[in-house]
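Asker: Have a look at the structure that comes next, please.
The values are calculated or read from the model by the stated rules, or taken from the named source; none is laboratory data. All of these numbers come straight from a predicted model, not from anything done at the bench. Cβ coordinates were reconstructed from backbone atoms using ideal geometry, including for glycine residues, and neighbour counts include every protein chain displayed.
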């Protein structure tokens, strides 16, 4: 199967050679044929999706045009789509249905995109592998015995396996970029505030961002341009500079582009094959006239500790709302306190409990100064590292992960080893800056990606740079060896 390219489908829909209804029906056909093996999907409403597709076809026939009109779309199941479940991959939300649309979902719907499914994820977006879903975990379509990466496991698998050309995930510390690397797709974590978080179930509010996923940067630009912009329902949102350059996305000239290689990211911890792929990708840039420079981000060694102290602290606060009183099932209990405790004990999985407890400890009396406040100071130092680096370079190029997708169960008994899978992805979110993962090649038949990081509000430039790279390479066109 050829890679599903949203830009090609866009042309076919606009020319009248394709219909949205046919594309959506084919999406359901592929889901029906493959998902008993891949487990990427948690919920669908076929009748509703087909109705939206027929409405999109009517708009197309009347000459209406938007970048996403008629295109199928998969939504991570922590995003609200009115009337459908929002499970967040957890039993504690069994039966809960969204009463409204997330802003990004509403904007895509208004532009005529057609959601076809809600996608699997690590419970409440807490995980790097996809193994912490309360349901059957999603599988990597390149090797069913290996993890797809997390937490946006189902969304990335849906694009990789050709269910839909576009998907939405969320990225707190790497949750669209890590699985994109493991499954050979492209994913963007925008500048903090570039996409509204209204209707995204909060994990760690100062770090969460909605992240689009597609086969290529050109495909990402179609959806990103529709979603971006200030939202009165999210006070952290903002207008995105350069948004007018997203449709159509044009490749950036690489001649003279200053690309920084942070020496702290190119360490002995990289698997040899992954290091070789990165060197080959960097040579592609260099042959086009890019200026490759070594830079330093000296506080990178504190990034994992800083991220997990701040993230778990915010998790412990945000997840206090899931108590059996307002959402989902309620366990019996003699007193209100007993009912809440039993509901949370039954409804939440081990990784979520681990992070809640760690965060509560970090925020507790006697430890707040020693852990949480120190982590805030370290976050400032990490942000200043990036500021200094971007005084001498335009973009940073780094690994996405130390290795390729690992087998199921390889790290579930060692939380520290699991957290270290995010060692290259957590730093940029702490600084609130945009970063992108794109395919760089294969090691032993398994995909690996390269990460581009830019200064704040450089999202469009990152997409243009990635587009230029993808016009020179074909890694992103490769599809997994799984057939409907």
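Asker: When segment 393-422 is examined, which residues are found to be within 18 Å of residue 189 (Cα to Cα) and either touching a strand residue (DSSP E or B) at 6+ places or on another chain (Cβ under 7 Å) or not in a loop (DSSP other than H, G, I, E, B) (or both)?
Answerer: We begin by selecting, within segment 393-422, every residue within 18 Å of residue 189 (Cα to Cα); these are 394-401, 421-422.
Across segment 393-422, the qualifying residues are 394, 395, 396, 397, 398, 399, 400, 421, 422.
Asker: Go through segment 2-34 and count every residue that is assigned to a helix (DSSP H, G or I) and either in contact (Cβ under 8 Å) with a residue 24 or more places away in the chain or in contact with a helix residue (DSSP H, G or I) (Cβ under 8 Å, 6 or more places away or on another chain) (or both).
Answerer: Step one: filter segment 2-34 for residues assigned to a helix (DSSP H, G or I), giving 6-15, 20-34.
Filter once more, keeping what is either in contact (Cβ under 8 Å) with a residue 24 or more places away in the chain or in contact with a helix residue (DSSP H, G or I) (Cβ under 8 Å, 6 or more places away or on another chain) (or both): 6-7, 9-10, 13-14, 20-21, 23-25, 27-31, 33-34.
Residues meeting the conditions: 18.
Asker: Would you pick out the residues in segment 83-95 that are surrounded by 15 or more Cβ atoms within 10 Å (Cβ to Cβ) and either closer than 28 Å to residue 18 by Cβ or modelled with pLDDT under 95 (or both)? Full working, then the answer.
Answerer: First pass over segment 83-95, keeping only residues surrounded by 15 or more Cβ atoms within 10 Å (Cβ to Cβ): 84-93.
Hit for segment 83-95 is 84, nothing else.
Asker: A further question on this structure: Residue under question is residue 105, and the condition is that it be in contact with a strand residue (DSSP E or B) (Cβ under 7 Å, 6 or more places away or on another chain) and in contact (Cβ under 8 Å) with a residue 24 or more places away in the chain; does it hold? Write out each step before concluding.
Answerer: Working: in contact with a strand residue (DSSP E or B) (Cβ under 7 Å, 6 or more places away or on another chain): yes; in contact (Cβ under 8 Å) with a residue 24 or more places away in the chain: yes.
Yes.
Asker: Related question: Looking at 14, 77, which is the one that is more than 30 Å from residue 124 (Cβ to Cβ) and either surrounded by fewer than 23 Cβ atoms within 10 Å (Cβ to Cβ) or modelled with pLDDT of 95 or more (or both)? Break it down stepwise before answering.
Answerer: On the way: 77 fails: more than 30 Å from residue 124 (Cβ to Cβ).
That would be 14, the only listed residue that is more than 30 Å from residue 124 (Cβ to Cβ) and either surrounded by fewer than 23 Cβ atoms within 10 Å (Cβ to Cβ) or modelled with pLDDT of 95 or more (or both).
Asker: Let me ask you something else. Need the failing condition index for residue 462 against (1) touching a helix residue (DSSP H, G or I) at 6+ places or on another chain (Cβ under 7 Å); (2) crowded, with 20+ Cβ neighbours inside 10 Å, just the number.
Answerer: All conditions pass for residue 462, except number (1).
Asker: Same structure, new question: Run down 461, 438 and say which single residue is farther than 18 Å from residue 181 by Cα and at pLDDT 95 or above. Spell out how you get there, then give the answer.
Answerer: On the way: 438 fails: farther than 18 Å from residue 181 by Cα.
Answer to the selection: 461.
Asker: Name the single residue, out of those in segment 35-59 being touching a helix residue (DSSP H, G or I) at 6+ places or on another chain (Cβ under 8 Å) and part of a loop (DSSP other than H, G, I, E, B), that is surrounded by the fewest Cβ atoms within 10 Å (Cβ to Cβ).
Answerer: Taking segment 35-59 first, the residues touching a helix residue (DSSP H, G or I) at 6+ places or on another chain (Cβ under 8 Å) are 38-42, 44, 46, 49-50, 52-54, 56-57.
Next, only the ones that are part of a loop (DSSP other than H, G, I, E, B) stay: 39-40, 44.
Numbers: 39: 21, 40: 30, 44: 19.
That would be 44.
Asker: Has segment 153-166 got at least one residue that is closer than 28 Å to residue 353 by Cα, modelled with pLDDT of 95 or more and not in a helix (DSSP H, G or I)?
Answerer: no
Asker: Also: Scan segment 345-364 residue by residue and report those that are out of contact with any helix residue (DSSP H, G or I) (no Cβ under 7 Å at 6 or more places or on another chain) and either buried (at least 19 other Cβ atoms within 10 Å of the Cβ) or assigned to a helix (DSSP H, G or I) (or both).
Answerer: The first filter runs over segment 345-364 and keeps only residues out of contact with any helix residue (DSSP H, G or I) (no Cβ under 7 Å at 6 or more places or on another chain), leaving 345-346, 350, 353, 357, 361, 364.
Across segment 345-364, the qualifying residues are 345, 346, 350, 353, 357, 361.
Asker: Sticking with this structure for a sec: From the list 188, 178, pick out the single residue that is touching a strand residue (DSSP E or B) at 6+ places or on another chain (Cβ under 7 Å) and crowded, with 24+ Cβ neighbours inside 10 Å.
Answerer: Among 188, 178, only 188 is touching a strand residue (DSSP E or B) at 6+ places or on another chain (Cβ under 7 Å) and crowded, with 24+ Cβ neighbours inside 10 Å.
Asker: Every residue in segment 242-278 that is surrounded by 13 or more Cβ atoms within 10 Å (Cβ to Cβ) and in a helix (DSSP H, G or I), please.
Answerer: 243, 245, 263, 264, 265, 273, 274, 275, 276, 277, 278
Asker: When segment 378-413 is examined, which residues are found to be loosely packed, with under 15 Cβ neighbours inside 10 Å and out of contact with any helix residue (DSSP H, G or I) (no Cβ under 9 Å at 6 or more places or on another chain)?
Answerer: The answer is 380, 388, 391, 392, 407, 409, 413.
Asker: Given the conditions (1) closer than 26 Å to residue 443 by Cα; (2) surrounded by 24 or more Cβ atoms within 10 Å (Cβ to Cβ), which single one is not true for residue 162?
Answerer: Among (1) closer than 26 Å to residue 443 by Cα; (2) surrounded by 24 or more Cβ atoms within 10 Å (Cβ to Cβ), residue 162 violates only (2).
Asker: Out of segment 365-392, which residues are in contact (Cβ under 8 Å) with a residue 40 or more places away in the chain and not in a helix (DSSP H, G or I)?
Answerer: 390, 392
Asker: If you check residue 121 against the conditions, is it in contact (Cβ under 8 Å) with a residue 24 or more places away in the chain, touching a strand residue (DSSP E or B) at 6+ places or on another chain (Cβ under 6 Å) and assigned to a loop (DSSP other than H, G, I, E, B)? Steps first, please.
Answerer: Values: in contact (Cβ under 8 Å) with a residue 24 or more places away in the chain: yes; touching a strand residue (DSSP E or B) at 6+ places or on another chain (Cβ under 6 Å): yes; assigned to a loop (DSSP other than H, G, I, E, B): yes.
Considered against the rule, which asks whether it is in contact (Cβ under 8 Å) with a residue 24 or more places away in the chain, touching a strand residue (DSSP E or B) at 6+ places or on another chain (Cβ under 6 Å) and assigned to a loop (DSSP other than H, G, I, E, B), residue 121 comes out as yes.
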